[in-house]
Every structure is written in structure tokens, then in C-alpha cells.
Amino acid sequence: MATLAGTAERSRPLRASVVIHRVVMVLTGLFFCVWTLGPMYWIIVTSLKTDLQVAREHGLVPTSVTLANYHTILFTTNFLLYIKNSVEVAVVTTALSMVFGSAAAYAISRLHFTGRGAVARAIVVSYLVPGSLLFISLFEVLTDLNLTDKLGGLMVVYLSFTLPFCTWLMTGYFRSIPVELEEAALVDGCTRVRALVHIILPLTLPALVVVTLFSFTQSWNEFLYALVFISSDSNKTFTVGLIGLIQGDTLPYGLMMAAATLGMIPPLIVYVISQRWVVSGLAAGSVKG
């Protein structure tokens, strides 16, 4: 009886610590949910208000809902053209980052050549340089290449910050894959390119998805380079076109929030699709490895 009583007394503090741990985890999760979804909710609610409601009502729930802001954005502005330009730039930049980043990372992690360590460090350092320090030199480069005020110029410029990160991330992931898998493929007659495409890349699917998410998000949200290098309205991206809604000292909050709400849809679609591939890629990699 004494033993049972002692065991019960020791289990009470254990149960209490488990309950406290669960409560802390739930509260932490709720906090980050509110922290993340709160601004998005405020943007959507504001987009459903008239200018008068935005000025007078400050509650979380609007008294009435209107779609006039969305109608104005879609049918009286060049918003759809801006979205098209952003999608084109983001998709091409992401594809180039995946191709060149994977090739560069493979060379750094698998091939032996003079200055390999210096090249790897230079790639990391180039990623750490603030973009605000580069736009003057990049503008000169685009001028020499006749790529100013062109979407192709933005694609080239965006590679300056997406490609270093993708190369650095893929290098670490390639190094975690046993080199024996590639050596066996080479013995069977595969070339290095074929071994990379058919053996190595399928095992790096989670890293490729991260590269895709990062490159697409950074290209989609970039503002400084798009503002400096693009002047014509027909080539403006979503972020630059958004500030074009401001007329003088008047801020049309409803229109801007409606445009921001619609602008969240493409990245959201990419994230939803990529999440599925992340899970399946992790499972496949664990079985093949």
C-alpha cells in the first residue's frame, strides 16, 4: 500500500507538468496563428469596406460588405497585367534558380577543382550583400545589355539574390547524400548529368521545393529593383503597380487592400501545392536513402 501511495504521489507532479506543457504549446500555437492570420484578416476586411467605412469604422467586423473595390481593381485598372508580369518574372526566375543553382551546387559538392572553397564562400558572401547597395551597378549592367525597362532584365537581376541562396542550400543537401549512390550509377554507365537528373535530384526533392518557394516568394514580393529598372506601365509588376493606386496624398485603402488580397492568391497556390510535395518528397527520400 505504501508503495502504491508513493507511486501515485510521484505521478501527480508528472501529470501536472504534462498538462502545463500542453497548455503552453496550445497558447503558443494560438499566439502565432493570430500573429500570422491577423494581418491577413485585417486586409481582407478592409478590402470589403467603402472609403467612408474605412475612415469611420475600426471594428473587426464590418457593418456592411461591398465588392466595389474588387470591381474597380479588376475592370478599371491594369491590375491583371501587373499580375501577369509578376507571374512571368517569378516563374522564369524560379526555374532558372533551380537549374543553375542545382548545377552549381553539384559542382561544388562533388567535383574537385582549384578554388572550390573560395567559390563556395563567395556565393554565401554575395547573398549577404544588401540589395540596396547593388542597384546602381546592376542598372549599369542592364543598360549595357539593353535590358532596362524589360521583364527579362528583372529576371536577370532577381537571380542575383535567388541563385546564391539556392546554390548554398542545395550544396548542403547534396553533401548529405551518400556519394556511393552516384558512384554506382557512374559504374553502370551513367554520365554525371544523367546521374544528377535521375539519381541525385529525386532524393533532393524537399530541398528543391524549398528553393522553389524561396525563389518564387522573393521574386513576387521584390519592390526596389522593379521600381528602379521598370518605367513603362505595361511592364510594371504587382508590387510597383500597387503603389500606383496612390493619387497624391490620398490613400485608397479599400482599393489597395483589395489588390493586396488578390495578390496573395498566386503565392498561396504555390505554397499549397508545394506542401504536398514536401511531405511526399521526405517520405520518398527516407525510403530510398
Q | Condition check for V34: part of a helix (DSSP H, G or I), in the same structural domain as V270 (by TED's automatic domain parsing) and among the β-branched types (V, I, T) | A | no
(Q) Looking at region 18-44, I want the residues that are under 29 Å from A259 (Cβ atoms) and have a partner that is surrounded by 11 or more Cβ atoms within 10 Å (Cβ to Cβ) and charged (D, E, K, R) with Cβ atoms under 7 Å, at least 6 apart or on another chain. Which pairs are those? (A) none
(Q) Which count do you get for residues in region 238-269 that are touching a Leu at 6+ places or on another chain (Cβ under 7 Å) and farther than 20 Å from H71 by Cβ? (A) 1
**Q.** Near pairs, Cβ below 8 angstrom, 6+ apart or cross-chain, from region 54-66 (without any contact (Cβ under 8 Å) to a residue 12 or more places away in the chain) to any residue that is part of a loop (DSSP other than H, G, I, E, B) and surrounded by fewer than 10 Cβ atoms within 10 Å (Cβ to Cβ)
**A.** E57/T63
Q) Among L60, L14, L52, which is the only one that is over 29 Å from I265 (Cα atoms), exposed (fewer than 10 other Cβ atoms within 10 Å of the Cβ) and modelled with pLDDT under 85? A) L14
Q. With respect to A259, is the statement that it is in a helix (DSSP H, G or I), in contact (Cβ under 8 Å) with a residue 60 or more places away in the chain, of a type in the set (G, A, S) and more than 17 Å from E88 (Cα to Cα) true?
A. yes
Q.
Looking at the structure I just gave you, is A105 more than 22 Å from M155 (Cβ to Cβ) and of a type outside the set (K, R)?
A. no
Q: Would you check if there is a residue in region 185-202 being under 30 Å from I44 (Cα atoms), modelled with pLDDT under 90 and not in a loop (DSSP other than H, G, I, E, B)?
A: no
Q: Only residues in region 103-131 that are free of Cβ contacts under 8 Å to residues at least 40 places away in the same chain count as the first member; pair them with residues that are among the β-branched types (V, I, T) and outside any loop (DSSP other than H, G, I, E, B), Cβ under 7 angstrom, at least 6 apart or cross-chain, and list the lot.
A: R116/I108; V119/I108
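The values are calculated or read from the model by the stated rules, or taken from the named source; none is laboratory data. Everything numeric here is computed off the predicted structure, so don't read it as measured data. Virtual Cβ from ideal backbone geometry, glycine too; neighbours counted across all protein chains shown.
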